[in-house]
Amino acid sequence: MAKSSFFQIGFSKIALIPDGGSNWLLTKVVGYQQAFRMAAEAKRVSAEECQSLGMCSEVCEDGSALETAMELAKHYAELAPRAVFKTKHLMRDSFNKSYEQNLKDEAKTQEDMVGRNDNIEGVTAFVEKRKPNFTGE
């Protein structure tokens, strides 16, 4: 998110409610109290505050968003793709599942991950103090 950009839910200024799923999504991201204040007060939320609330992961200088995104993409490309995908999937599913079910899903997924080529490569690279070469296997 560019440093000079902001987030604003302005529906209350025109006597409407937030739509497009923002009532549901925003409460999941920032919690009820912050989401309600944003929606009711219709105040601008700065890029820095968005980052501190977990609404964006990066704040970059104006005009450098593409460069920052490309650097982040390059970093993600070096990670173990299956592990990143499974982590994202489990975290997203956690909103709809109990803690106990999430633990079961986590254990099942970890069992599937252990011993795969990328797991072996990651451990080997760690022991050899080198950068891993993940393939997604």
| query | In this structure, does residue 98 turn out to be in the same structural domain as residue 12 (by TED's automatic domain parsing) and out of contact with any Asp or Glu (no Cβ under 8 Å at 6 or more places or on another chain)? | reply | no
| task | Find the helices (runs of 4 or more DSSP H) located wholly in the range 76-137 whose residues include 3 or more that are without any contact (Cβ under 8 Å) to a residue 60 or more places away in the chain and over 25 Å from residue 57 (Cβ atoms), and list them. | result | 99-113, 117-127
| message | Residues that are under 30 Å from residue 116 (Cβ atoms), not aliphatic (A, V, I, L, M) and not assigned by TED's automatic domain parsing to the domain that holds residue 113: does the range 31-54 have at least one? | response | no
| Can you name every residue in the range 53-70 that is surrounded by fewer than 13 Cβ atoms within 10 Å (Cβ to Cβ) and assigned to a helix (DSSP H, G or I)? | 66, 67, 69, 70
| query | Of the residues in the range 11-52, how many are surrounded by 14 or more Cβ atoms within 10 Å (Cβ to Cβ) and at positive phi? | reply | 1
| field | Among the residues listed as 69, 65, the single one being closer than 30 Å to residue 131 by Cβ and in contact with a strand residue (DSSP E or B) (Cβ under 7 Å, 6 or more places away or on another chain) | value | 65
| note | Note: among 59, 84, just one is touching a strand residue (DSSP E or B) at 6+ places or on another chain (Cβ under 8 Å) and either outside the structural domain of residue 119 (by TED's automatic domain parsing) or closer than 30 Å to residue 134 by Cβ (or both), namely 59
| query | With (1) of a type in the set (Asp, Glu); (2) more than 24 Å from the chain's Cα centre (by Cα); (3) surrounded by 10 or more Cβ atoms within 10 Å (Cβ to Cβ) as the list, and residue 128 as the residue in question, which single condition is left unmet? | reply | (3)
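The values are calculated or read from the model by the stated rules, or taken from the named source; none is laboratory data. This is a predicted model, so every value here is computed, not measured. So basically every Cβ, Gly included, is an ideal-geometry build from the backbone, and we count neighbours across all protein chains shown.
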